[in-house]
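Participant: Please read through the structure below; I'll follow up with questions.
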Amino acid sequence: MKRFATPLVLVTVTFALVRLLSLPLVAQPGYTDAYYYANVAARLAHGQGLTVDFVWSFIEAPDLAPLPVASHRFWMPLATVVQAVGIVILGPFVGDFRAGQIPLVIIACLLVPLAYALARALGTSDRAALAAAAIVGAGGVFAPAWVTADAFALAAALGASFFLLYRRAAAGSVRDGALAGLAVGLLYLARAEAALFGLALLALALRPATRRAGLAGTAVALVIGVAWLARDLTAGPTESLIGRSALITRYEEFFALATPDPARLIADPGAFLVTRAAALLANAGRAVAVLLLFLLPPLALGVRAAWTRPEVRAFAGLAVAVYVAESLAFPLHSVRGSYDHSLATFFPMAVALSAAGADGFFSPRAARIAIVAAVTAFGLVGAIALSQWDATFNGVYRDRVASLASIPPGPFMAIDAAAWRWISGRTVLVTPSEGAAAASCVGAAYGASTIVLEPAHFAAYDALYRGPGISIVTSDRTLCPPRAVAAR
C-alpha cells in the first residue's frame, strides 16, 4: 500500500487537473436541472431560503400561486445546499456560479481515492485499484457531469462511501452502520430514488449478528428522510406530483397547466405499457454505454467471484431495484436524465468490481495492456463527452444571451424558465404545453405578455414559432377563459 501511495496521489492530482482544464467549457449551468439548482443556491446563499422566484413546472406553482414559492418540490436539495455553501464562502471573489461549482469539483476529485479504496476493499491488487481510480477519474460519459452544477459527483461520492461503510456495518460495526445510514440519508437528499438504499440497511437489521448496526443506520437515514418530508408537508401540497411524473405518457404533459387526467390511462393502457417497455430498453442501453460495454464482462466476473461479500450483494440488488423502479415508475423522466444520475451513484463501485474481475482473469502482461486500453478509452470518451457538452449547451447559451435585449421588459414565458431566469435575472414562467390559450392564463396571472420560443418548443406552439432561431411573440390574454383568470 505504501509503495502505491505516491502513484495514487499522482493519479488524483492528474484528474484534478483534468477537472480544472474542463472548467472553461462548463462555465454556466447548461441545462434545466443545473440551472434550477444554481438559481436556488444563489437565493439560499443570499438569505432567501429554499424558495424559487420563477415557474419551471406547474408542479411547484399549483393554481398559479404567487411567487416566490417553496423550491425543490420535485428535485432534491443537496446539490443546491452544497453550492450555496460555496457561494457564501467564495461568491464575492469568483461569482456565484464558480463559487457554487468549486465544492462540487472538489467532491469529484475525491472520487479517485474512493474508487481506489473500493477496489482494494474487494481484494484487488494495487495496480488494478489504481486502474479503477483512473477510470473513475477519467469519467467516460460522466466527464462533464463531474464539473456541472448538479448532483452527479455528490451521488457518486455518497454511493461509493455507502458501499465502503456497508462492508464494515455487515461485519457488525454499529458506528459504520450509523455512518452508512448517514450516507443513505444524504444520498436521498441528492437523489430521491436513493430511498431504496434503505432496503440494504433493513437487511442488516433483520440479521441477529448485524441487527444493531442495521437499526443504527436505519434510524439515522430515517431522521434525515423524515425531516425533509416534514419540510415538504409544511410547504403545502404539491400539484399532482405522482400524476405529472408516474402517470404521463408524453413528456410534454409534465409542463401542462392542467393536471394530467389519470383516467385516460384506462382508455389507452397500451401507451402506459409502451412507455415502460421503451424505458427498460433505453435505460439498459444507457447502463451499457456508461461502462463502454467492455467493462461488463469483468464486472460480471467480479460480482460472481465476490458474491459472498455483503456489499457486493447490496450493490447488485440495489442496482436492479433502482433500474426497475426508475424504468417502471418514472419512465419518461428516467430516459431524459434521471437514470443517468442513478448510474453515477453506482459507477465507482461498478468500476471497482470490474477491476476485481479483471484482476483475477488476466495474466500480468495482459492486465497491463487491458489497463492502458481501459483508461485510454474512458479518457477519449470523456474528451468527446466534454466537446459534446460544449456543442450542445454553450451555443444555446450564447444565442439566449444575444437575444435577451430583444425581449420586452417585465416577466416573460419560455420553455426553459430556469435557464432564462439565470440569464435574464427576471421572472420567467414556463410556457404551458397546451399552447397559446393556457399561456395567456399564465401571462394574466403573472403579468407576462411575452413568449420566447426557441427551436426546442412544445408542439402546440408550432404555429407561433417562426424559426430557425429564437422567436419573440406577444401573448393574447383574450384567449384565456374568463373564469380561469378570475379563479386566479
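Participant: Compute all pairwise cysteine Cβ distances in the chain, then list the cysteines with no distance under 4.7 Å to another cysteine.
Facilitator: 109
Participant: Count the DSSP beta bridges whose two residues both fall in the chain, then state the antiparallel fraction as a percent rounded to the nearest 5.
Facilitator: Restricted to the chain, the bridges split so that about 45 percent are antiparallel.
Participant: Dipole magnitude of the chain about its Cα centre, charges +1 at Lys/Arg Cβ and -1 at Asp/Glu Cβ only, in debye to the nearest 20?
Facilitator: 1600 debye
Participant: Then there's this: Which Cα, out of 422, 8, 377, lies furthest along the positive dipole direction of the chain (beta carbon charges, K/R +1, D/E -1)?
Facilitator: 8
Participant: Using 7 Å Cα-to-Cβ label points, what is the residue 398/residue 324 separation (nm, one decimal)?
Facilitator: For residue 398 paired with residue 324, the spin-label model returns 4.8 nm.
Participant: Using the Cα centre of region 1-66 as the reference point, and only Cβ charges (+1 on K/R, -1 on D/E), how large is the resulting charge dipole? Debye, rounded to the nearest 20.
Facilitator: About 680 debye.
Participant: Which number comes out as Rg/Rh for region 2-397 once both Rg and the Kirkwood Rh are worked out on C-alpha atoms?
Facilitator: 0.97
Participant: What shape does region 150-299 take by its C-alpha gyration tensor, where a ≥ b ≥ c are the square roots of the eigenvalues and a/c under 1.5 counts as rounded, a/b above b/c as prolate, and the rest as oblate?
Facilitator: On the way: a/c = 2.37, a/b = 1.48, b/c = 1.60.
Judged from the Cα gyration tensor, region 150-299 comes out oblate (a/c at least 1.5, b/c at or above a/b).
Participant: Here is a follow-up. Can you bin region 405-487 into rounded, prolate or oblate? Criterion: square roots of the alpha carbon gyration tensor eigenvalues sorted a ≥ b ≥ c, rounded for a/c under 1.5, prolate for a/b above b/c, oblate for the rest.
Facilitator: It comes out oblate by the Cα gyration axes.
Participant: Could you sort the peptides 84-95, 116-127 by per-residue average Cβ neighbour count (10 Å cutoff), highest mean leading?
Facilitator: On the way: 84-95: 17.0, 116-127: 21.8.
Packing proxy ranking, top to bottom: 116-127, 84-95.
Participant: Grab the DSSP H runs of the chain that are 4 residues or longer, score each as -39,500 (n - 2.57), total them, divide by all residues and round the 222 nm result to the nearest 500 deg cm²/dmol.
Facilitator: That comes out to -19500 deg cm²/dmol.
Participant: Along the charge dipole of the chain, pointing to its positive end and built from +1/-1 on Cβ of Lys, Arg, Asp and Glu, which listed residue (412, 324, 465) has its Cα farthest out?
Facilitator: Going by the Cα projections, it comes out as 324.
Participant: Let me ask something else about it. Cα gyration tensor of region 95-228, axes a ≥ b ≥ c as square roots of the eigenvalues: rounded (a/c below 1.5), prolate (a/b > b/c) or oblate?
Facilitator: Cα axes put region 95-228 in the oblate bin.
Participant: Gain in length, residue 462 to residue 209, computed as 0.36 nm per residue apart minus the alpha-carbon separation, to one decimal in nm?
Facilitator: Gain on extension, residue 462 to residue 209, equals 84.8 nm.
Participant: For the chain, find the longest principal axis of its Cα atoms and tell me its angle to the long axis of helix 111-121, 0 to 90°, nearest 10.
Facilitator: That works out to roughly 40 degrees.
Participant: If you take the charge dipole of the chain about its Cα centre, with +1 on Lys and Arg Cβ and -1 on Asp and Glu Cβ, which of 144, 209, 180 is farthest toward its positive end?
Facilitator: 209
Participant: Any chance you could run the full-extension gain for residue 388 through residue 27? It's 0.36 nm times the residue separation minus the Cα-Cα distance, nm to one decimal.
Facilitator: Values: separation 361, 0.36 × 361 = 129.96 nm, distance 1.44 nm.
Fully extending the segment from residue 388 to residue 27 adds 128.5 nm.
Every read-out reported here was derived from the displayed coordinates using simple, explicitly stated rules and does not represent laboratory data. As the structure is a computational prediction, the values presented were derived from the model and not from experiment. Glycine also receives a Cβ, built like all others from the backbone with ideal geometry; neighbour counts cover every protein chain displayed.
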